[in-house]
Amino acid sequence: VDQPLVPKQFHLGMFEIGRPLGKGKFGRVYLARERSTGFICALKVLYKSELQQGTGVEKQVRREIEIQSNLRHPNILKLYGHFHDSKRIFLILEFAGKGELYKHLRRENRFPEWKAAQYIAQMAAALRYLHRKHVIHRDIKPENILVGIHGEIKISDFGWSVHAPNNRRNTLCGTLDYLPPEMIKSGSKDNWYNEKVDLWSLGVLMYEFLVGEAPFEDTPIMTHKRIARADMTIPEWVSKEAKDLIKKLLVLDPEKRLPLEEVQNHPWIIKHCVKGERATNREKPVK
Ligand SMILES: CC(=O)N[C@H]1CCN(c2c(Cl)cnc3[nH]c(-c4cn(C)nc4C)nc23)C1
C-alpha cells in the first residue's frame, strides 16, 4: 500500500514533532513521526490568522490541498492528508530526505550535464503527469523542488498551480526570473492558463542548473525587458545538445515551445539518461 497513512481523520496528537525543516511562504515545516506506525513525514503548519490577512491566500491553500491530494507521482511531493485546530491548518507532506534543491545548486554552483539532464528528465515526466490532469504548476523554480533520499527530485509547493482553465486573478510575488513572456506582458490573461507556461520555466530551470544563474537575471526592469525578447546568451562551454534544448524551450511563442514528449526524447536527455548507456552519470561514492 503506498498510502501508509490510511486513516482519513488526522489530529495533532497522532504525531511526534521533530526538528524544524524550514520555513515556507506562509508557515513552518517540521519533521514528524506518526506515533502508531512510526511513519516519517513533514508537517507544514499554517496559521489561520496569517492566511485570513492575505488576499485570497486561504483559497490558494485550499486549492493547494485539493490539487496536491489527488496527485501521485514519484517526482511530485505527496500530500497525505490535512487537518486543522482552532488556530492552525496542518498539511501532512511526504518527507524529502535530501532537502531543498536550490541549496544543493548554490553549494555546487552548477550541476554537471549528466545530473542536470536527469533532473530535467524527471521534471518533464512530472509535468507531463500534471498536464495530463490539467494541472499547471506555474511556479517551477529551484526553491520549489526538493530532493528525495535516492537523489530523485520532487516538485513541491502547489500554491500557484491551477486547474486549467481558471479565470481567478492572481497577484504575482517573488522572483521575476522564471516568468514566461505571456505572464509579464499585460493584456490577455488567458495565456496564463495554458500549460505551455511550464515549458518556458523548464527552460529557465535547465539554464540555471547548467550555468548557475538564471538566463535573464538582471535588475527587475532589465529582466522584464530581456524576458519579453527572450534575450539571453548561453555560455560557449555549454554543450551544443544542451544549447539546442534550451533554445527550443525559451521560445516567445508558447505554441512553438518543444512539447514534453519531445523533451524526453531530446538527444541531450537520451545521451545522459537512457539506462545502460556509457556510465556518464558517475556520482561521487558516498563517503
Ligand atoms: C517552501 C517550503 O516548505 N520549503 C521547505 C521547508 C522544508 N520543507 C520540506 C518538505 Cl515540505 C518536505 N520534506 C523536506 N525535507 C527537508 C529537508 C531535508 N533535509 C536534510 N533538510 C531539509 C530542509 N525539508 C523538507 C519544504
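The values are calculated or read from the model by the stated rules, or taken from the named source; none is laboratory data. Values in this document were obtained by computation on a predicted structure and should not be read as measured data. Cβ sites come from the backbone with ideal geometry, for glycine too, and all protein chains shown count toward neighbours.
Flag set for K87, criterion: modelled with pLDDT under 95 and out of contact with any Leu (no Cβ under 9 Å at 6 or more places or on another chain). If you filter the range 11-24 down to residues that are free of Cβ contacts under 8 Å to residues at least 40 places away in the same chain and within 10 Å of the ligand (Cβ to nearest atom), you find that the one that is surrounded by the most Cβ atoms within 10 Å (Cβ to Cβ) is P20. Identify, please: which residue in the range 74-87 is under 15 Å from G151 (Cα atoms) and more than 10 Å from the ligand (Cβ to nearest atom) and is, among those, surrounded by the most Cβ atoms within 10 Å (Cβ to Cβ)? Only one residue tops the list, namely I76.
Looking for something more than 16 Å from the ligand (Cβ to nearest atom), without any contact (Cβ under 8 Å) to a residue 24 or more places away in the chain, among the acidic types (D, E) and not in a strand (DSSP E or B) - is there at least one such residue anywhere in the range 112-132? There is no residue in the range 112-132 that is more than 16 Å from the ligand (Cβ to nearest atom), without any contact (Cβ under 8 Å) to a residue 24 or more places away in the chain, among the acidic types (D, E) and not in a strand (DSSP E or B). A single member of I234, I270 is free of Cβ contacts under 8 Å to residues at least 40 places away in the same chain, of a type in the set (A, V, I, L, M) and exposed (fewer than 15 other Cβ atoms within 10 Å of the Cβ), and it is I270.
Look at the range 25-39: where a residue is more than 27 Å from E58 (Cα to Cα) and a partner is outside any strand (DSSP E or B) and within 15 Å of the ligand (Cβ to nearest atom), sitting 6+ places away or on another chain with Cβ atoms under 7 Å, you get F39/L5.
K44 passes every criterion in (1) away from the ligand (no atom under 16 Å from the Cβ); (2) in contact with a Lys or Arg (Cβ under 9 Å, 6 or more places away or on another chain); (3) of a type outside the set (D, E) apart from (1). Among residues that are free of Cβ contacts under 8 Å to residues at least 12 places away in the same chain, β-branched (V, I, T) and not in a loop (DSSP other than H, G, I, E, B), I227 is not included.
Annotation: Q68 fulfils all but one of (1) of a type in the set (S, T, N, Q); (2) within 11 Å of the ligand (Cβ to nearest atom); (3) modelled with pLDDT of 95 or more; the unmet one is (3).
Out of F90, F95, one residue alone is within 11 Å of the ligand (Cβ to nearest atom), aromatic (F, W, Y) and crowded, with 19+ Cβ neighbours inside 10 Å. It is F95.
Any residue at all in the range 142-151 that's part of a helix (DSSP H, G or I), buried (at least 19 other Cβ atoms within 10 Å of the Cβ) and of a type outside the set (D, E)? Within the range 142-151, one or more residues are part of a helix (DSSP H, G or I), buried (at least 19 other Cβ atoms within 10 Å of the Cβ) and of a type outside the set (D, E). In the set (1) over 20 Å from the mean Cα position of the chain (by Cα); (2) within 29 Å of L199 (Cα to Cα); (3) without any contact (Cβ under 8 Å) to a residue 12 or more places away in the chain, G56 fails one condition alone, (3).
Among the residues examined, F39 qualifies as within 16 Å of the ligand (Cβ to nearest atom), surrounded by fewer than 18 Cβ atoms within 10 Å (Cβ to Cβ) and not β-branched (V, I, T). Of the residues making up the range 98-111, those that are at positive phi and more than 15 Å from the ligand (Cβ to nearest atom) number 1.
Considering only the range 151-172, I want to know if a residue exists there that is under 27 Å from P267 (Cα atoms), touching a Gly at 6+ places or on another chain (Cβ under 8 Å) and modelled with pLDDT of 90 or more. Yes, there is a match, as at least one residue in the range 151-172 is under 27 Å from P267 (Cα atoms), touching a Gly at 6+ places or on another chain (Cβ under 8 Å) and modelled with pLDDT of 90 or more.
Annotation note: Cβ proximity below 9 Å between a residue of the range 96-107 that is aromatic (F, W, Y) and a residue that is surrounded by 14 or more Cβ atoms within 10 Å (Cβ to Cβ) (sequence gap 6+ or interchain) occurs for Y102/K141; Y102/P142; Y102/E143; Y102/N144; Y102/I145.
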